[in-house]
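To start, the structure under review is shown below, and the notes come after it.
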Amino acid sequence: MMRCKIFVLVVSILFVCAESNAGELYPNNRYPLVRKPYIELPLGSIRAKGWLLEMLQRQQKGATGQMDRLYPEVMGPRNGWLGGDGDQWERGPYWIDGLLPLAYILDDKALKEKVQPWVEWALHSQRGDGYFGPAKDYPYEPGLQRDNSADWWPRMVVLKILQQYYSATGDTRVISLMTNYFRYQLKTLPEKPLGNWTFWAEFRACDNLQAVHWLYNITGEPFLLELGELLHKQSYSFVDMFMHRDDLTRFNTIHCVNLAQGLKEPVIYYQQDPDKKYLEAVKKGLADINKYHGQPQGMYGGDEGLHGKNPTQGSELCSAVELMFSLEKMMEITGDIAFADHLERIAFNALPTQVTDDFMDKQYFQQANQVMITRHFHNFYEDHNHAGTDICFGALTGYPCCFSNMHQGWPKFTQNLWYATPDNGLAAFVYSPSEVTAKVGSGVTVTITENTAYPVDDQISFSIEIKDKKQKQVDFPLYLRIPGWCQEASISINGEKVETKRGSEVAIVHRTWKTGDKVELQLPMEVKTSRWHENSIAVERGPLVYALEMEENWEKKEFPEEERSRYGAYYYEVNSPTKWNYGILNYRYEDMKEHFKVTVHPEKQQENYFWNKENAPIQIKVKAKEIKFWQLYNEMSGPLPYSVNQSDAPEEEITLIPYGCTTLRISEFPVVR
């Protein structure tokens, strides 16, 4: 057997400022930007397989593939980003920001044809001064946003679209447009700053900034760094918020999506100004969000304002997909394993449950403890604005932004499963069934196939194939992240165990590879508990949170005619006869395995779709008691009893299943004696 070298990177890798190495196969940051430990691959290099492919195909057949038909008043030919007199703002670009990567990851001709008119109109809309996009405001029309055509914010979404389009196609028109637009920004922002039209651009300037850095890495034009500094100065200071103010300890101090989207700004700017305060601020900010507002599924109470830890406070779908994108960008720049762990927590828990199985309807807000879904007021900040529809499944229920923006979650997750590394290797930094084709070593093209049912299985297999049949072997490093929740992972090569590594490390397997080589990574998953609101517990195993299994009775209801322009034609309510007011029986740490009994169903693990109650592949049985005074309040679970509580009810055995497989659930449990 050929020898291999295994190294370890602990928690975070931060590269110093340096010129890009001419021998690198994929371009890293250009001097003076801080070099990145991981480098995004061209769009289309990574293909989904298994259950993840099924997710993308459901998007293709569901709302993502037909928003122009389902939501024609906004996504149809009247949209301002197609040259029309309809919606001029963010919703059309939101859709394309998810549709485009889906189209190229699936290599779907029909979806690409849907994308192309939006790209072409944007490219052809540029004026002589560099401005591009809609340029005319229109009078109010119900259901449309027509009066902010010049706002900086929606262009930031389109910049992301054009970056992805260039990554997939190499169309140099993108470089020309962005160069001219950024010159326009540098000239215009001093007179019309980010907050000139709306405040959204100030909070979300990081999406503009990352596009500026992206273009600088291609062209090297110095004015781009000047613009980067200007964008940073005009943007909302998350460093100040996180380090010097108490905003995160209070309610309603920031919009939940602005927080999810904007918190990456210090890390993005760190590349240009490598002061550790930017990284420290974000780490502290995330810790405080979790401390004061966090929920077990990786999200936080924000409906729409920041709203505390109570598990019945809503968490917005836009926040989930935007926080995922923020974590993806930050882990590429820093190599911080905690960002990848957090990304998986959202993707495998929060995201699957907030969209229907057919990817046609969504919840505006989800609740960590959600025992019924009805049209009712729920102590959300937006109750009075959204007529009690915020947790109902539907197209436009709550507010339409999430129906437009939800499409980016799974495609961008897929795009960030794998990275190139500066030493011409490949990194599997987030795990799901997939296949990557990329150049490694001296420029040899390889395909690595990742076969796994992760996150519902702890076994991950990587198979190597050298695409050039004349090339018999190739030397390169393979990076494997060991999640923070894993006590000890094991790595085998061609059936021989070669190393064990603890959590929060990156193992680097550097060897000469040949076609047919196989790497097996085992990430043993043990049941753990974590503490939440009112000292309650959440049950976790690996990257998954577990919640009470509840029967689901779905009922489709129609909106009256006068509400349809705002909320759509229909919505779903979900009720259950299942008793939910349980506390988990108190336990000792040393008795965890006996107290929480895990059952795995191998046949369900191999299903292409396991994200619902019927197909849940793992169950955890645990002893519990009913807490009889814990009852419904405002058609939701009432105030969470403090733990440890007392119950005289008889012991029962309850069943927990993965949070992402539930619609109705309790995920934060009181503990009882």
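Worth a mention:
- Surface accessible to a 1.4 Å probe, per residue, for the residues of the chain, Å²: 35 Å²
- D361 long-range amide H proximity, modeled H, under 5 Å: T356
- Among the listed values (1) 28.8, 96; (2) 30.6, 121; (3) 24.5, 77, the one matching Rg and Dmax of the Cα atoms in Å as calculated from this structure is (3).
- Entry note, the chain: the mean residue ellipticity at 222 nm calculated from DSSP H runs of n ≥ 4, each adding -39500 (n - 2.57), is -9000 deg cm²/dmol after division by the residues and rounding to the nearest 500.
- Close amide-amide hydrogen proximity is noted between T198 and W152, each under 5 Å apart and 5 or more residues distant or on a separate chain (H modeled in the peptide plane; Pro and chain starts excluded).
- In sequence order, segment 511-528 has phi-based couplings of 7, 8, 9, 9, 4, x, 4, 9, 10, 10, 10, 10, 10, x, 10, 10, 5, 9 Hz under the Karplus curve 6.51 cos²θ - 1.76 cosθ + 1.60, θ = phi - 60°, and Gly or Pro positions carry x.
- The portion of the accessible surface of segment 30-138 made up by carbon and sulfur, rounded to a whole percent, is 49 (1.4 Å probe; DNA, RNA and ligands excluded).
- Accessible surface of H232 - all protein chains present, 1.4 Å probe, nearest 10 Å²: 40 Å²
- Checking the cross-link pairs K112/K470; K291/K628; K284/K579; K283/K528; K291/K597; K556/K579 against a 31 Å limit on the alpha carbon distance flags K112/K470; K284/K579 as lying beyond it.
- Percent accessible area from carbon and sulfur atoms, segment 552-601, protein chains only, probe 1.4 Å: 46 percent
- Rounded to the nearest 10 Å², the accessible area of T169 at probe 1.4 Å: 60 Å²
- Rolling a 1.4 Å probe over the protein heavy atoms of segment 272-372, with every protein chain left in place, gives an accessible area that is 50 percent carbon and sulfur.
- Accessible-area ranking of R47, R35, largest first, probe 1.4 Å: R47, R35
- In this structure the amide hydrogen of N29, modeled in the peptide plane, comes within under 5 Å of the amide hydrogens of K36, none closer than 5 places in sequence on its chain.
- Calculated from backbone phi, Karplus (6.51, -1.76, 1.60) coupling profile of segment 587-601 in Hz, x at Gly/Pro: 8, 9, 4, 5, 9, 4, 5, 6, 6, 10, 9, 9, 10, 10, 9
- Taking all protein chains together and a 1.4 Å probe, the residues D85, D207 rank D85, D207 from largest to smallest accessible area.
- The loop-placed GluC sites (Glu not before Pro) in segment 456-498, going by DSSP, that have at most 12 neighbouring Cβ atoms within 10 Å of their Cβ come out as E488.
- Accessible surface, 1.4 Å probe, highest first, among residues W513, W554, W118: W554, W118, W513
- Selection from A103, P93, L82 lying farthest towards where the dipole of segment 66-112 points positive, charges on Cβ: A103
- Nearest-20 debye value, segment 105-221 charge dipole, Cβ charges on Lys, Arg, Asp, Glu: 140 debye
- Per-residue SASA entry for R375, accessible area with 1.4 Å probe, Å² rounded to 10: 70 Å²
- Hz values of 3J(HN,Hα) by residue in segment 333-340 - Karplus curve (6.51, -1.76, 1.60), Gly and Pro given as x: 7, 9, x, 6, 5, 4, 5, 5
The values are calculated or read from the model by the stated rules, or taken from the named source; none is laboratory data. The structure presented is a predicted model; accordingly, all values stated were derived computationally and were not measured. Glycine also receives a Cβ, built like all others from the backbone with ideal geometry; neighbour counts cover every protein chain displayed. Note: accessible area is taken over every heavy atom of the protein model, side chains too, but ligands, DNA and RNA are not part of it. Shrake-Rupley method; radii C 1.70, N 1.55, O 1.52, S 1.80 Å.
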